[in-house]
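Everything on this sheet refers to the single structure shown next.
The values are calculated or read from the model by the stated rules, or taken from the named source; none is laboratory data. Small disclaimer: the values here were computed from a predicted structure and weren't measured. FYI the Cβ positions are ideal-geometry reconstructions off the backbone, even for glycines, and counts take in every protein chain you see.
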Amino acid sequence: MTRLTGRALRLTVLVGERDTWHHRPLSTEIVHRAHAAGLAGASVFRGIEGFGASSRVHTTRLLSLGDDLPVAVLIVDTEERVRAFLPRLEGLVPDGLVLLDACEVVHFGGGGEPPEPSRPPAQEPPE
């Protein structure tokens, strides 16, 4: 996989936690499609509160533990590759929201050795 740096496009798909595709969580299906398409990266984030087209607030508060919480799937790659991926979402997200944002990748940490942690310079002992 090539390292991604510089200008990129972030695709965010907002769906409900209970949304499924063929008995599988919709967020999982989206991530697996992004992986199969060879995109640089994808992550799923579970919201603690939100509302969407239904205008019904979903929350993690005690009285609503079984509620359908918001889920965000974030995918990042070059603009060309993300836009080529969009048709793979066709029909998959009928009640969700799909967003595109220009962004800049300053570090892509896939593979290789992690960078050395920075340490403060050693101090000279007093004379």
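Show me the strands (runs of 3 or more DSSP E) entirely contained within segment 19-127 in which 1 or more residues are charged (D, E, K, R), at pLDDT below 95 and within 24 Å of R3 (Cα to Cα).
Numbers: elements: 41-46, 70-77, 97-105.
Of the strands (runs of 3 or more DSSP E) lying wholly inside segment 19-127, those with at least 1 residues that are charged (D, E, K, R), at pLDDT below 95 and within 24 Å of R3 (Cα to Cα) span 97-105.
Scanning segment 1-18 for residues that are over 13 Å from G96 (Cβ atoms) and over 16 Å from the mean Cα position of the chain (by Cα), we see that the one that is modelled with the lowest pLDDT is M1. Taking residues in segment 1-29 that are without any contact (Cβ under 8 Å) to a residue 40 or more places away in the chain, and partners anywhere that are small (G, A, S) and surrounded by 12 or more Cβ atoms within 10 Å (Cβ to Cβ), the pairs with Cβ atoms closer than 9 Å and at least 6 places apart or on different chains are T2/A40.
Residues in segment 15-28 that are surrounded by fewer than 18 Cβ atoms within 10 Å (Cβ to Cβ) and in contact with a strand residue (DSSP E or B) (Cβ under 7 Å, 6 or more places away or on another chain): E17 only. Of all residues assigned to segment 83-96, none qualifies as being surrounded by 13 or more Cβ atoms within 10 Å (Cβ to Cβ) and under 14 Å from the mean Cα position of the chain (by Cα).
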